[in-house]
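The values are calculated or read from the model by the stated rules, or taken from the named source; none is laboratory data. None of the values given here were measured: they were computed from a predicted structure. As a convention, Cβ positions derive from the backbone with ideal geometry for all residues, glycine included, and neighbour counts pool all protein chains shown.
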Amino acid sequence: MASKKTLIMGYDAVSSLGTDMEAQWQRAIAGDCGIGKLTRFPLTADFPVRVAGEVAEVDLRPYPFLQPREMAHWTSPIFKYALLVVHRALEKSGIVIGPEIAPRVAITFSSAVGGLDAVLQADRLIIAEGKMPHPFTNPNSCINMVGGKVSILTGATGPICSTITACATGVTSLIIGEMLLQRNMADVVICGAVDFPLVEPIVAGFATMNGAYRPKDGQKEEPPEKTSRPFSVNRRGFVVSEGAGCIILATDEFARAHGLKSKIEMAGWSMTSDASHFVSPNLTTVQRCIVETIANSGLQPKDIDAVNAHATSTKVGDKVEADALHNIFGKNIPPVSANKSQLGHAMGASSAIEAILAMEGMIKETLLPTINYVPDPAIKIDCVAEGARKLSQEFVLKNAFGFGGCNSCLVLHRIE
């Protein structure tokens, strides 16, 4: 149990559902899907992936720090979208980072993939034209640079670290942020993650390892919005997507001192590692992560009102997560929302965006649906398949699991 409360002060996201928070929520509760045709690069006839969750362009004119002159060297899209969601989340939090609090503001905002697109572009130019890389190629691809740019934007000079745990990166950023608050290393933490992995070899690599969605051999292409189907009997892998989500944490002491209020707190968390297969999850350690998270929150399984699942749409991953929930909750598994059915899988950013949607649902007493659901006889859960459901939620479990066996889970608590 934490010695002081860790409050959620504000958040913001961009995803395949949209670039405005309220618009994304409205599309989500309507059961819409942000997945469409892959357009980030030209597709050859035999390229195995044809669908993706792409983020729309944003009107950046209101943001001086994102104007062409300022962003000329930062060519990877992770930077503009990271800075955008951080700026908007801070505005919503009511926290102004001036010189007096800057040393007590930490940053754990991270990326799992980073700006690899910049390196790929430089490599192609060397091969095709013999041109040396742009001087900002390595800074664009340096995976912790997104946190550095957040520091430069905000003026925060507290501890800064990258919480790279593959697809669990967003939730891990919250956990490490909470650690910093509890160790009195900071009063405020800028958490979250950004990933824009729709780069040709990355997408193709997910396909060749049988992770990314593609239809069965000989099967016609399906409508893009039907391709992400967590927990379904016909699931065929995740849809690679883009996105960013920022969540601002602060101690209750800081909030009181600055006259700020919060509706959600972090109640508890845990992290485990599988020490097993490099991508296939391990039931024992996944289950232990959830058990420890609930216990760390001072709760019993019966206290959890809903689960926001990791649920990528892979055969093994969804089954392991469902089995863990069954073993912990028995016949009383809370309703489960799988947001990737609507968003696709935005890699490290996915769990940050999903945590934000879970918090919106807690405040608005609504569970988001798991769309495209066709029951799997081997998975017996209530995944809100009928559409958005009204439900009061005091405690929500958020699961996140990443390649390399990185498991991070947390419990969110509605306090107002």
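Among the residues making up the stretch 9-33, those that are among the β-branched types (Val, Ile, Thr) and surrounded by fewer than 24 Cβ atoms within 10 Å (Cβ to Cβ) are THR19, ILE29. If the condition is being surrounded by fewer than 23 Cβ atoms within 10 Å (Cβ to Cβ) and among the aliphatic types (A, V, I, L, M), then the stretch 93-116 contributes VAL96, ILE97, ILE101, ALA102, LEU116. Just one of the listed residues (VAL55, VAL119, VAL86) is surrounded by 14 or more Cβ atoms within 10 Å (Cβ to Cβ), under 20 Å from the mean Cα position of the chain (by Cα) and not in a loop (DSSP other than H, G, I, E, B), and it is VAL86.
Give the stretch 157-195 a look and list any residue that's touching a Cys at 6+ places or on another chain (Cβ under 6 Å) and among the polar types (S, T, N, Q), or say none. If the condition is that a residue be touching a Cys at 6+ places or on another chain (Cβ under 6 Å) and among the polar types (S, T, N, Q), then THR165, SER173 are the ones that fit. Per the conditions (1) of a type outside the set (Asp, Glu); (2) surrounded by 14 or more Cβ atoms within 10 Å (Cβ to Cβ); (3) modelled with pLDDT under 95; (4) over 18 Å from the mean Cα position of the chain (by Cα), the sole criterion not satisfied by GLY211 is (4).
Per-residue answers, yes or no, for (1) farther than 20 Å from ILE176 by Cβ; (2) β-branched (Val, Ile, Thr); (3) in contact with a His (Cβ under 9 Å, 6 or more places away or on another chain); (4) part of a helix (DSSP H, G or I):
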position	(1), (2), (3), (4)
SER270	no, no, no, no
HIS277	yes, no, no, no
SER280	yes, no, no, no
THR285	no, yes, no, yes
ARG288	no, no, no, yes
THR293	no, yes, no, yes
GLY298	yes, no, no, no
HIS310	no, no, no, no
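Within the stretch 299-323, residues that are free of Cβ contacts under 8 Å to residues at least 60 places away in the same chain and outside the structural domain of ALA28 (by TED's automatic domain parsing) sit with their Cβ atoms under 6 Å from residues that are surrounded by fewer than 24 Cβ atoms within 10 Å (Cβ to Cβ) and of a type in the set (Ser, Thr, Tyr), at 6+ positions apart or across chains, in these pairs: VAL316/SER280.
In this entry, GLY218 is excluded by the filter for residues that are touching a residue at least 60 places away in the same chain (Cβ under 8 Å), on the phi > 0 side of the Ramachandran plot and either surrounded by fewer than 24 Cβ atoms within 10 Å (Cβ to Cβ) or not in a helix (DSSP H, G or I) (or both). With respect to (1) over 24 Å from ARG88 (Cβ atoms); (2) modelled with pLDDT of 95 or more; (3) among the hydroxyl-bearing types (Ser, Thr, Tyr), the lone exception for THR172 is condition (1). The single condition from (1) assigned to a loop (DSSP other than H, G, I, E, B); (2) buried (at least 24 other Cβ atoms within 10 Å of the Cβ) that GLY387 fails is (2).
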